[in-house]
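*Asks:* Shown below is the structure under consideration.
The values are calculated or read from the model by the stated rules, or taken from the named source; none is laboratory data. The model shown is predicted, which means the values in this text are computed figures rather than measured ones. Counting neighbours? That spans all protein chains shown, and the Cβs are built from the backbone with ideal geometry, glycine included.
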Amino acid sequence: MIEVKDLHKQYGDIVALDKISLSVGKGELFGLIGPDGAGKTSLMRILMSLLLPDSGKATMSGLDVVADYKKIRLITGYMPGRFSLYPDLTVEENLKFFATVFGTTIEENYYLIKDIYQQIEPFKTRRAGKLSGGMKQKLALSCALIHKPEILILDEPTTGVDAVSRKEFWEMLKRLNNMGITILVSTPYMDEASLCDRIALIQQGSLMSVATPKEMTSSFPEDLWAVQTRKIYDTSKFLEKLPSVISVNSFGQVLHLVTQKGMHTSGSVQQFLSDQDELEISVTPMEATIEDVFILLMNHHKHRQ
């Protein structure tokens, strides 16, 4: 449904997309995972024909994003990172406007947005600019869906909204995906990656890995340890001196220690810390998270530069 081949985009000396290639299958919920400045928005703007690539090619449902941009805008729904609806129009007026632009009506495709729109319908006479973050998000998604698109492109749709709204939004995406809509969504939140069918990890314009979340975490190539300690900072500094250490990162009140495969046991790590007078510490093996995978790949990426 989406094909990207050797796509390159540069702003002066800054490389936003470094000849990336990926494909998204029909009916797939595909996640583009990476921090701010990784290249996610540039890719999505190129796919939506809002930005021209310097080189490479991209197609949506077989249509070229440059040559067939008018047709592409009819088959796609786009939700940009910033709220871009008309703040002085009401909820209902915004929705009617977007339906009219695409030659349809709210009634014709209401079944697509029913679950979403019903939550904001009691506020349909309120100006869009006066809505809360979560309600703005639902209205923007309703406007992106009202013309029954084949492909939905969502650029960091849950940034800046509360945890409950984030959860509700992903439940809505799953329902839309079950209707057969192909969805490409970007997010800086690693915990949202596990909700996608497949994900691509992107950093500084380069794709570091593309796989299912489970494939990505189960193929973690090193040993990973959860280190429980009351002195997070001191313990992390000691662990950085551990032979064969790759990285030490704080995840709340737990340290994630990565060491070369087969070089340590939980007992040898604990003994190393005991020798440094670091006591009352537990070290247990753990399964990798998407964030662990991302950090490891990011370190490898830095070393190659």
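*Asks:* Among the candidates Leu201, Leu207, Leu195, which residue alone is in contact with a Ser or Thr (Cβ under 7 Å, 6 or more places away or on another chain), assigned by TED's automatic domain parsing to the domain that holds Arg45 and within 19 Å of Thr289 (Cα to Cα)? Write out each step before concluding.
*Replies:* Details: Leu207 fails: in contact with a Ser or Thr (Cβ under 7 Å, 6 or more places away or on another chain); Leu195 fails: in contact with a Ser or Thr (Cβ under 7 Å, 6 or more places away or on another chain).
Result of the check over Leu201, Leu207, Leu195: Leu201.
*Asks:* If you don't mind, another one. Between residues in the range 53-64 that are outside the structural domain of Ile14 (by TED's automatic domain parsing) and residues that are surrounded by 15 or more Cβ atoms within 10 Å (Cβ to Cβ) and among the hydroxyl-bearing types (Ser, Thr, Tyr), which pairs lie under 6 Å by C-beta distance while being six or more apart or on different chains?
*Replies:* none
*Asks:* Just checking, which of Ala211, Ala226, Ala200 is of a type in the set (Gly, Ala, Ser), more than 30 Å from Val4 (Cα to Cα), modelled with pLDDT of 95 or more and touching a strand residue (DSSP E or B) at 6+ places or on another chain (Cβ under 9 Å)?
*Replies:* Selected residue: Ala226, the only one of Ala211, Ala226, Ala200 that is of a type in the set (Gly, Ala, Ser), more than 30 Å from Val4 (Cα to Cα), modelled with pLDDT of 95 or more and touching a strand residue (DSSP E or B) at 6+ places or on another chain (Cβ under 9 Å).
*Asks:* Does the range 2-45 hold any residues that are more than 17 Å from the chain's Cα centre (by Cα) and more than 16 Å from Ala200 (Cα to Cα), and which are they?
*Replies:* Selection gives His8, Lys9, Gln10, Tyr11, Gly12, Asp13, Ile14, Val15, Lys26, Gly27.
*Asks:* Taking the range 151-165 as the region of interest, how many residues are at pLDDT below 85, under 14 Å from Lys136 (Cβ atoms) and not hydroxyl-bearing (Ser, Thr, Tyr)?
*Replies:* 3
*Asks:* I'm trying to understand the selection: among the residues of the range 219-235, which are among the polar types (S, T, N, Q), under 17 Å from Ser274 (Cβ atoms) and surrounded by fewer than 18 Cβ atoms within 10 Å (Cβ to Cβ)? Spell out the reasoning first.
*Replies:* First pass over the range 219-235, keeping only residues among the polar types (S, T, N, Q): 219, 228-229, 235.
Right, trim to under 17 Å from Ser274 (Cβ atoms) and you get 228-229, 235.
Of everything in the range 219-235, just one residue is among the polar types (S, T, N, Q), under 17 Å from Ser274 (Cβ atoms) and surrounded by fewer than 18 Cβ atoms within 10 Å (Cβ to Cβ), namely Gln228.
*Asks:* Suppose the filter is in a helix (DSSP H, G or I), out of contact with any Ser or Thr (no Cβ under 9 Å at 6 or more places or on another chain), small (Gly, Ala, Ser) and over 25 Å from Leu51 (Cα atoms); does Gly129 pass it?
*Replies:* On the way: in a helix (DSSP H, G or I): yes; out of contact with any Ser or Thr (no Cβ under 9 Å at 6 or more places or on another chain): yes; small (Gly, Ala, Ser): yes; over 25 Å from Leu51 (Cα atoms): yes.
In short, yes.
*Asks:* Residues Thr100, Thr105: which one is of a type in the set (Val, Ile, Thr), free of Cβ contacts under 8 Å to residues at least 60 places away in the same chain and farther than 26 Å from Ile46 by Cα?
*Replies:* The conditions single out Thr105.
*Asks:* Would you pick out the residues in the range 156-175 that are touching a residue at least 24 places away in the same chain (Cβ under 8 Å), more than 13 Å from Phe30 (Cα to Cα) and hydrophobic (A, V, I, L, M, F, W, C)?
*Replies:* Across the range 156-175, the qualifying residues are Val161, Val164, Phe169, Met172.
*Asks:* Of the residues that sit in the range 180-196 and are closer than 22 Å to Met48 by Cα and surrounded by fewer than 19 Cβ atoms within 10 Å (Cβ to Cβ), which one is modelled with the highest pLDDT?
*Replies:* Gly180
*Asks:* Moving on to the next point. Could you please give the count of residues in the range 236-254 that are within 13 Å of Asp292 (Cα to Cα) and hydroxyl-bearing (Ser, Thr, Tyr)?
*Replies:* 2
*Asks:* Against the conditions (1) at pLDDT 95 or above; (2) among the charged types (D, E, K, R); (3) more than 29 Å from Asp6 (Cβ to Cβ), where does Lys174 fall short? Just the number, please.
*Replies:* Unmet for Lys174, out of (1) at pLDDT 95 or above; (2) among the charged types (D, E, K, R); (3) more than 29 Å from Asp6 (Cβ to Cβ): (1).
*Asks:* So which of Gly37, Gly31 is assigned by TED's automatic domain parsing to the domain that holds Met179, surrounded by fewer than 20 Cβ atoms within 10 Å (Cβ to Cβ) and in contact with a strand residue (DSSP E or B) (Cβ under 9 Å, 6 or more places away or on another chain)?
*Replies:* From the options Gly37, Gly31, the qualifying one is Gly37.
So that you can scan it fast, the table gives a plain yes or no per residue for (1) in contact with a helix residue (DSSP H, G or I) (Cβ under 9 Å, 6 or more places away or on another chain); (2) of a type in the set (A, V, I, L, M):
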residue	(1), (2)
Ile113	yes, yes
Gln118	no, no
Leu154	yes, yes
Leu207	no, yes
